[in-house]
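Report on the structure given below.
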Amino acid sequence: MSLLGSIVRWQAEALKIPPPSDTNLLPAVGGLPGPAFFPEGLGLSESALCQNDRPTIIAIGHNFGCQEYRTEIQVAGREDDKPTWRNLDALLGQAGANPSQCFRTNWFVGLLPGGKQTGRFLRKPDYEYQQACLSLLVKQIQMIKPTAILILGPEVASRASNLIPALAPWRGAERWVDIDQSTIGHSVRDVEVSAASIRTNVVALLHPSFGIANQGRRMKNMHVPRTEAEILRAALE
C-alpha cells in the first residue's frame, strides 16, 4: 500500500478512538484536505503530497489542540500558515533539511474543548486510550522508518520512553532542564523503537508554536550550549 493510502487508513482508525472516559475531551474530526498535523490532516506538506515524496523524519506533537482552533482552520482546510507548522519548517531549513521530508503527527488523538491550546491533555491515566494512541503511532513509525524522530515539547518527551525505552531518563520530565541535564541530554543516536522494529535518532525540541522565544533560556540548561538548529542538524547526519 502507498504511504498516502496508509495515512488515510490511520486517519480512519484515529477517528474511531474514543476520548478517555470521565473527561471533557472531544474525538478527532479529521478531514482537512490541506497540510495539517495528523490526525486532523495528512501530516505532509503540499509539495510532498504532490510529488509523492517519501518522508524521512517524523515530528511528534502532544495533541492537535483545541476545538476552536480546529474550527478556525476548517475554512482554509489547512494549517501550514500557523506558527507551529511555519516555525517547524524554518527550523528544518536552518538544519539543512527539506521540510517536505517531515511527517507531522501527534501522540494523542482528539481535541481539547473550548479555545485553550495549552495545558495538560490527559489528566489521569486511561490505559485503553493510551494504548490505542500508542499503537497508532507505532504503525506510522513502522511504515515511514524515519532516520530521525523529533519530539516536540516536554509533555511528549516525558512519556516517550513508553515508545523508546532508551529515553527512560526523560520519564516524568516537567521542565527543559530535566531533559537537557539528563544522563542522555537532549538527543540520542541509533536507539531502538522495538515495537516498530527500527533504530533511529531522536531529538527533543521546543514546541514550534513558541518559535525561537525560549531558545536562549533553554541553551543555559545545556552543559554545552547549542541552538536547536545545531542539535537537529546533528540528529539528521
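The values are calculated or read from the model by the stated rules, or taken from the named source; none is laboratory data. This is a predicted model, so every value here is computed, not measured. FYI the Cβ positions are ideal-geometry reconstructions off the backbone, even for glycines, and counts take in every protein chain you see. These area figures cover heavy atoms from the full protein model, side chains too; ligands, DNA and RNA do not enter into them. Shrake-Rupley method; radii C 1.70, N 1.55, O 1.52, S 1.80 Å.
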I need the full set of residues from the range 159-168 which are open to solvent by 50 Å² or more (accessible area, probe 1.4 Å) and either hydrophobic (A, V, I, L, M, F, W, C) or more than 17 Å from the chain's Cα centre (by Cα) (or both), in order please.
Pro165
Write out, first by first residue and then by second, each pair whose Cβ atoms fall under 7 Å of each other, whose residues are 6+ apart or on separate chains, and whose first residue, in the range 1-17, is touching a residue at least 24 places away in the same chain (Cβ under 8 Å) while the second is part of a helix (DSSP H, G or I) and polar (S, T, N, Q).
Trp10/Gln140
Can you name every residue in the range 50-95 that is surrounded by fewer than 18 Cβ atoms within 10 Å (Cβ to Cβ) and of a type in the set (A, V, I, L, M, F, W, C)?
Cys50, Val75, Ala76, Ala90
On the given criteria, is Gly172 touching a residue at least 24 places away in the same chain (Cβ under 8 Å) and either out of contact with any His (no Cβ under 7 Å at 6 or more places or on another chain) or farther than 28 Å from Pro225 by Cα (or both)?
no
